[in-house]
Every structure is written in structure tokens, then in C-alpha cells.
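First up is the structure itself, then whatever we jot down about it.
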Amino acid sequence: MAESARELIVVLTHGSDDELSSVAFTIATGGIATGLRVAVFLTSAAVDLVRKQDTDSTVTPAFISDFLKRGGRVWACMPSVKARGYRQNDLIAGVEIAGPSKIHELIRGGAATLSF
């Protein structure tokens, strides 16, 4: 595998009402297990997955926690976060609010992408 392809970005738009949210984190964590550097970019309803107040009502907290513990990066889309009135302290530890330029930089460097 070429060094530039050692990055994977998983873009997730689905929230806790869709099983694709847990599937995305399962695949992202699997990527780490195979040696990829993996980042998950949450946008739209997916940003609710990492809101402290909402994590108890979703089925994905264990998936997210495991992903972060293994070195995964989670970015919450700045416009989606702002649209919901969330701030950094509303999100679980390890999640960074970021704009799409964060993933564009990795894509420019050859990162693979998946979208859910």
C-alpha cells in the first residue's frame, strides 16, 4: 500500500436513528486495526452522536469510545455543530470541531474516503 493511502477518512451523516452510524465506526476501527490512520468526520445528524447529553440514548457510544481509544480522530463539522447551537464543551472528550478543510488536506495527500 502506498504511504499516501495509509489515511482513511470516514464521513458520517447518519445519527443514532440509523444503524449506519455504528457500521461506520466499526469499519473505521477495523481500519485502525489494519494499520491505517483513520479520521471520522461527522456532519448533519451525526454530530448528535458525540453530544454528551445524547450519548446515553444512542447505541454507538461504545463504538466511538473504542475508536478514540485506538487512536482514531473524530471531527465534528463546524457548520453542523453551530446550526445545533453546540459548543466544544457539549461534545465528548476527544472530539474536535473542525471545518471541511481538515479532510480536504488529507484527501489532497491521497487519503481514501468512505461515506455513510
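For semi-axes √(5λ) of the Cα gyration tensor in Å, the candidate list reads (1) 30, 22, 10; (2) 22, 16, 12; (3) 30, 18, 10; the entry that matches the value derived from this model is (2). Helix screen, the chain: DSSP H segments with Cα axial length of 18 Å or more and mean Kyte-Doolittle hydropathy at least 0.0 are 20-33. Charges at C-beta only: +1 for Lys and Arg, -1 for Asp and Glu. How large is the resulting dipole of segment 19-116 about its Cα centre, in Debye rounded to 20? Dipole magnitude for segment 19-116 comes out near 320 debye. Ranking His14, Leu36, Gly109 by how far each Cα lies toward the positive end of the dipole of the chain (charges on Cβ) leaves Gly109 at the top. Only bridges with both residues in the chain count here: give the DSSP antiparallel percent, nearest 5. Roughly 5 percent of the DSSP beta bridges within the chain come out antiparallel. Model label sites at Ala93 and Ser65, defined 7 Å from Cα along the beta-carbon direction, differ in position by 1.2 nm. Rolling a 1.4 Å probe over the protein heavy atoms gives segment 70-116 an accessible area of 59 Å² per residue. Over the chain, what percent of the accessible surface lies on carbon and sulfur atoms, probe 1.4 Å? The value for the chain is 52 percent carbon and sulfur by accessible area. The dipole here belongs to segment 67-116: it is taken about the Cα centre, uses +1 on the Cβ of Lys and Arg and -1 on the Cβ of Asp and Glu, and is about 60 debye.
The values are calculated or read from the model by the stated rules, or taken from the named source; none is laboratory data. Everything numeric here is computed off the predicted structure, so don't read it as measured data. A quick note on method: Cβ atoms are made from the backbone with ideal geometry, for glycine too, and the neighbour counts reach across all protein chains shown. Keep in mind that these areas ignore ligands, DNA and RNA; they rest on the heavy atoms of the full protein, side chains included. Shrake-Rupley method; radii C 1.70, N 1.55, O 1.52, S 1.80 Å.
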